[in-house]
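Reading through the structure tokens given below for one structure.
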Amino acid sequence: AAYETGDHASFMRKEMLEQPEAAQRVLRGRLDERFGTAHLGGLNLDARETRAIKRVKILGCGSAYYVGQMGAALIEELARIPADAEAASEFRYRNPIIEPDTLYVAVSQSGETIDTLLAVQEVRRKGGRVVGLVNVVGSAIARECDGGIYLHAGPEVAVASTKALTTMFLGFALLALQLGRVRDLSIADGRRLIAGLERLPAQIQEILDREDEIAELAGRLADAESLFFVGRVRGFPVAREGAQKFKEISYRHAEAYQTSELKHGPLALISPDVPTVAIVPADELADRNVGALHEIAARRGPLVVVTHDGVDLGEVAAARIVVPRNERELDPVLMTIPLQLLAYHAALRLGHDIDKPRNLAKSVTVE
Ligand code: G6P
């Protein structure tokens, strides 16, 4: 049967609402509660090879690149392996050093993005090992990799990626668990993370159920010509993805910044016409983040804060979107969901084509 929007106004909305199920699918059969680990047989890596990995380099484009940054943080935190993400479109042009003890990870919804595919080929040509986190089964990138995991998000049609991103994040969490448990991650921490992963689908649903409230805030942001998305450490890739999505479909100028760097430049641009969407989880940086919100409020910049219950914003006048708490390592995926809804409802209000934004393609298959 043809893949249709059904009763939904757009594929993007349909795909956002499918996220709890997609999250369940990517986790299904891969969690091992007894040993506090994940089983990703398709990686084709045994425990000895896994322990030999000295570094992880993640390659992807667009939103896949930003989720790659979230994934790098997960791998560093859980597996304590130095990890970073790089735009696949840049990678091969700087004659990258390919190391035999680095695990390269290609991340792609379509599996057909030419920049990511060529990056994979460059790594393999020079003897590196690449695994894929790919949604489309049998796609070019999946075939080119030495191993990998499929994301099982189901078909994604809207240019603005939603459910594929969520499954990418969870794919990285599984990878981090598996890498971590043959190294320093304790069984207790492994089990803590597994319990957190199992709570996620219902928590995603809780956020989606508050669509009306988030739509109302999106209406206030839609009229701004320019806005900031800010976060720090774990929250920064969330801000980057939020800004990306907002740009893609609302055509507003949305710039992501590290909250900590605001005072080193862009604070000069904050005014009543320039709203900021701030990512403020209840983590070790909450107080510092709230300090930055005071700086924005003092310049009368409108604020939307994506946060947790218990974060005290003090006197700051801000609209709050409170997301459910999970294990802190998993905060980014939950904090991304309201940003999808903000972008979607801003674009809807502006009357844009949600699924096919101007100048963009779902997958870029030519250089
Ligand atoms: C295009 C799309 C982006 C997407 C990127 C990577 O640029 O417009 O939304 O994130 O490709 O796509 P992939 O299929 O590799 O995840």
Given the peptides 70-79, 137-146, 181-190, arrange them by the average over their residues of other C-beta atoms within 10 Å, most packed first.
70-79, 137-146, 181-190
Please report the spacing between the Cα centers of the range 151-199 and the range 214-261 in Å, no decimals.
24 Å
Would you mind computing the Rg to Rh ratio of the range 284-367 from its alpha-carbon coordinates, Kirkwood style for Rh?
1.08
Between Rg and the Kirkwood Rh of the range 1-132, both from Cα atoms, what is the Rg to Rh ratio?
1.02
Evaluate the Kirkwood expression for the hydrodynamic radius of the range 203-286, namely the inverse of the mean inverse distance over all pairs of different C-alpha atoms, and round to one decimal in Å.
13.6 Å
Sparse-neighbourhood loop sites, trypsin sites (Lys or Arg not before Pro) in the range 262-327 - DSSP loop, at most 16 other Cβ within 10 angstrom:
R299, R300
Could you state the number of Å between the C-alpha centres of the range 278-323 and the range 68-133?
34 Å
Would you pull out the residues with amide H under 5 Å of E255's amide H, same chain only if 5 or more places away, H placed 1.01 Å from N?
L227, F228, F229
Using θ = phi - 60° and Karplus 6.51 cos²θ - 1.76 cosθ + 1.60, couplings along the range 351-362 (whole Hz; Gly, Pro as x):
x, 8, 6, 5, 7, 10, x, 4, 6, 10, 10, 5
With no solvent and one equal point scatterer per Cα, compute the Debye intensity ratio I(q)/I(0) for the range 103-226 at 0.12, 0.17 Å⁻¹ and report its log10, rounded to two decimals.
-0.62, -0.98
Tally Lys and Arg at +1 and Asp and Glu at -1 over the other residues with C-beta under 11 Å from the C-beta of S108: what net charge comes out?
-3
For the range 314-357, what is the convex hull volume of its Cα atoms per residue in Å³?
107 Å³
Per-residue ellipticity at 222 nm attributable to helices in the chain (runs of n ≥ 4 DSSP H, -39500 (n - 2.57) apiece, nearest 500 deg cm²/dmol) works out to -13500 deg cm²/dmol
Please provide three numbers in whole Å: the alpha-carbon extents of the chain along the principal axes, with the largest listed first.
55, 45, 41
What the 10 Å binned alpha carbon P(r) of the range 237-340 shows, as percent of pairs per bin from 0, is 15, 50, 32, 3
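Any read-out appearing in this document is the output of simple, stated calculations on the displayed coordinates, not a laboratory observation. The structure displayed is predicted, hence computed values, not measured ones. FYI the Cβ positions are ideal-geometry reconstructions off the backbone, even for glycines, and counts take in every protein chain you see.
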